[in-house]
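J.: Just dropping this structure here.
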Amino acid sequence: MNYATSMMRILMLVGAAILVALPAFVPAYFLHLLIQILIWAFIYTAWSLMGRFGFVSFGHGAFMGLGAYIPALLWTFWDVTPWIGIPIAVAAAILLAVIVGYPCFARRVVGHYFALVTLALSQVVLLSLTAARDITGGSLGFTQKTVGHSWYALQFPEKSYFYFIALLLWLAGLLVWQRIDRGISREALEAIGEDEDAAAAVGIDVMYQKMRVTIISAALTALGGAIYGQYFMYLNPETVSGITVSLQIVFAAIAGGVYSMFGPSVGALLTLALTEGLRVWFGTEFIGAANTIYGILLVLCVIFLPQGVVGALQRMKPKRTPQPAKPAAVKP
Amino acid sequence: MDIYLIEAMINGILLGGVLALLALGLNLIFGVVDVVWISYADIVMCGMYGIYFLYAQFGLPLPLACLIGIAGSACLGALVHKLIISPVLDSPPLNQLLATGGLLFFLQSFATLLFGTDFRNIGVRLPVLEIATMYVSFARLIAFGVALVGAVVLYFFLKKTYTGAAIRAIAQDREIVGLMGIDQRRVYLVVSAIGGALAGLAACLLALQYDVHPFIGNTFGPVIFMICVLGGLGNMLGGFFASFIISLIIAIGGYYSSTELSYVFAFSFFIVLMFIRPRGLFTP
């Protein structure tokens, strides 16, 4: 183990210690922000599992919507505990991913076409949730049945509980990212992202690899959506599904950078800090001001920083040891 | 057959005319510039606001307001190309998609900032026609007629003029046209302006039927992409027919269930068809 990696370990341990100790020091408002950042960071990381290989899905709003709504509806109307509801939601997301993913991959729907098919998928979930207004309240949204502090209902008025749940979730997401990054399938997926025919010709099981990463990504996104729903209690189709959420996921992940483990998390941190900062700065009389600046920054980011913030920082860092060549790593 | 169903279908086909106009604009831009404008429907939103303010606030006559709206949208189209598209022309397609997606965020929030989230109506009440005990919206009839005329004008422009020939040449082979003495950058700019103008025309027609608000683009945007992809991206004739198929599905679905579910049917139909014909319905 060389000096750099041991420094890295120490830094990570210090970071972990700070993250664990944080709830004891920061006020509730910042804890609330941190929880949101962690949940979104988890979802963005889940998206980047696909996005980094060029499978750009605009349909993750669909998986998040399923994840948020299924446990909430099951609990509110049928008294089913989220401990059962969340696995059902994840299973539903996997089922949806298979139903749409398999034919997509079998029929070679790629690039623009894949992005737009998945965009339609997220609209299908958004509009279905809105149309089922008898139980979901339509575009007015609905609030889950509250019972106060309960492990059974996975409801905690005390924010620090959700902070630790979100923290664990986020760490688990990073672990999954790392396993895929270090596994053999990363090479396979990069090859597929470059050229499917060539990848198939060298003996890569294109369908298996794509389905696997899609299922993992969809399942994690649904899980993130479920925790989001448990934390916020109030759900609205527009805030957990549809084109707006799908685009938000894509943008934040890309803004942070999808080729490094912390990239999507940095994206979550930056975008939330930005929107929240601008919101506080402009106050409520200028609704839209925050998102206007956000939109401009997105465009500038795509034009000038296509590798994302973390990617750009990494390129600036002087390289001490010769790095192994990274095929396809610069294709944003 | 139920008379109300026929009525719904007629109104659906009439709406299809406006969608066809938007699909033409988006397909033109895709076929020539090779960029998908995710924010295309938001140009329509800008046009609708322009017409609303010119007509309802400043009291200009409606035809003049529409003309200025179309010209403004054309300028906006060219501006979007200059500022956002041309810097990313050589980037991977997904970056282009994202750049225009950022524009979508920007336009929607900027409109919210300027105008608030109120629904505004230009306040033109056109009569509802009664034809053989069926009610047909006059506004939709006009929109359908104007959209068809717009499509025909575009067709002759592309077929008969020098610029039109240059546009078609680029769509066929973008490598070789530079050697033929065609200035690609200029053609791209012209096409973006035409795309903007078509969005402006659609804005005039939609302003007669719908209230304008900052997020109205989200109502039409996804449907237009779906139509374009269904017809084959860049295939203008395909997009034209696909818009009527989709609007019929929406109309019939809306008749038997709710509006949202009719869109669910349309999107699901689209997803399934993409599996059957991944390059679009009309692409051989």
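J.: Add -39500 (n - 2.57) for each DSSP H run of 4 or more in chain B, then divide by its residues: what number comes out at 222 nm, to the nearest 500 deg cm²/dmol?
T.: Only helices count here, giving -24000 deg cm²/dmol.
J.: Quick one: give the max-minus-min coordinate of the C-alpha atoms of chain B along each principal axis, largest first, in Å.
T.: Extents along the principal axes, in whole Å: 60, 49, 35.
J.: Jot down the radius of gyration and Dmax of the stretch B:73-133, Cα atoms only, both in angstrom.
T.: In Å, with Rg to one decimal and Dmax whole: 18.6, 56.
J.: Distance in nm between label sites at B:Leu89 and B:Leu114, each 7 Å beyond Cα in the beta-carbon direction?
T.: 2.7 nm
J.: Shifting gears a bit: What translational diffusion coefficient, in µm²/s and rounded to a whole number, does the Stokes-Einstein relation yield for the stretch A:35-192 at 20 °C and a viscosity of 1.002 mPa s, taking the hydrodynamic radius as the Kirkwood radius over Cα pairs?
T.: After rounding, the answer is 123 µm²/s.
J.: Give the value in nm², to one decimal: projected area of the alpha carbon convex hull of the stretch A:117-194, averaged over all directions.
T.: Directional mean of the projected Cα hull area for the stretch A:117-194 stands at 8.6 nm².
J.: Let me ask something additional. For the protein assembly as shown: lysine pairs with Cα atoms under 21 Å, gap of 8 or more or different chains, count?
T.: Qualifying lysine pairs in the protein assembly as shown: 6.
J.: Given the stretch A:172-312, what whole percent of its Cα pairs are spread farther than 23 Å?
T.: Looking at the stretch A:172-312, the distances longer than 23 Å represent 48 percent of pairs.
J.: Sorted by packing (mean other beta-carbon atoms within 10 Å per residue), highest first, where do B:213-222, B:16-25 land? Intermediate results must be reported in sequence, preceding the final value.
T.: Working: B:213-222: 21.7, B:16-25: 28.4.
Ranking the peptides B:213-222, B:16-25 by packing returns B:16-25, B:213-222.
J.: Plugging the Kirkwood radius over Cα pairs into Stokes-Einstein for chain A, at a temperature of 37 °C and a viscosity of 0.692 mPa s, what D comes out in µm²/s? Kindly include the intermediate steps, with their values, before the conclusion.
T.: Values: Rh = 20.7 Å.
It diffuses with D of about 158 µm²/s by this estimate.
J.: Rounded, prolate or oblate for the stretch B:41-167? Axes are the square roots of the Cα gyration tensor eigenvalues, ordered a ≥ b ≥ c, and the cut-off for rounded is a/c under 1.5.
T.: Here the stretch B:41-167 falls in the oblate category.
J.: Continuing with the same structure: Compute the Cα gyration tensor for the stretch B:181-281, then decide on rounded, prolate or oblate, letting a ≥ b ≥ c be the square roots of its eigenvalues: rounded whenever a/c is under 1.5, prolate when a/b is larger than b/c in the other cases, and oblate in all that remain.
T.: Taking the square roots of the gyration eigenvalues as a ≥ b ≥ c, the stretch B:181-281 is oblate.
J.: Put a dot 7 Å past each Cα toward the Cβ at B:Phe282 and A:Met233; how far apart are the dots in nm?
T.: For A:Met233 paired with B:Phe282, the spin-label model returns 5.4 nm.
J.: Moving to a separate point now. Kindly give Rg over Rh for the stretch B:1-100, based on alpha-carbon atoms, with the Kirkwood expression for the hydrodynamic radius.
T.: Checking Rg against Rh, the ratio lands at 1.10.
J.: Computed on alpha carbon atoms, what radius of gyration and Dmax characterise the protein assembly as shown, expressed in Å?
T.: Final numbers for Rg and Dmax: 24.9, 86 Å.
J.: Over all directions, what mean area does the Cα convex hull of the stretch B:147-190 project, stated in square nanometres?
T.: 3.2 nm²
J.: Roughly speaking, what % of Cα-Cα pairs in the stretch A:1-100 are separated by over 18 Å, rounded to a whole number?
T.: The answer is 67 percent, as a whole percent.
J.: Sticking with this structure for a sec: List B:Ile182, B:Ile85, B:Ile224, B:Ile131 from most exposed to least, where exposure is judged by having the fewest other Cβ atoms within 10 Å.
T.: Values: B:Ile182 19, B:Ile85 22, B:Ile224 27, B:Ile131 10.
By the 10 Å Cβ count, ascending: B:Ile131, B:Ile182, B:Ile85, B:Ile224.
J.: For the stretch B:133-231, how big is Rg over Rh, using alpha carbon atoms and the Kirkwood form of Rh?
T.: Reported Rg/Rh (Cα atoms, Kirkwood Rh): 1.07.
J.: Something else now. Would you give the gap between the C-alpha center of the stretch B:167-238 and the C-alpha center of the stretch A:1-30, rounded to a whole Å?
T.: If you average the Cα positions of each part, the centres end up 50 Å apart.
Since every read-out is calculated from the coordinates, none of them should be taken as a lab result. Here the structure is a predicted model, which is why all the values come from computation and not from measurement. Positions of Cβ are backbone-derived with ideal geometry, glycine not excepted, and every protein chain shown enters the neighbour counts.
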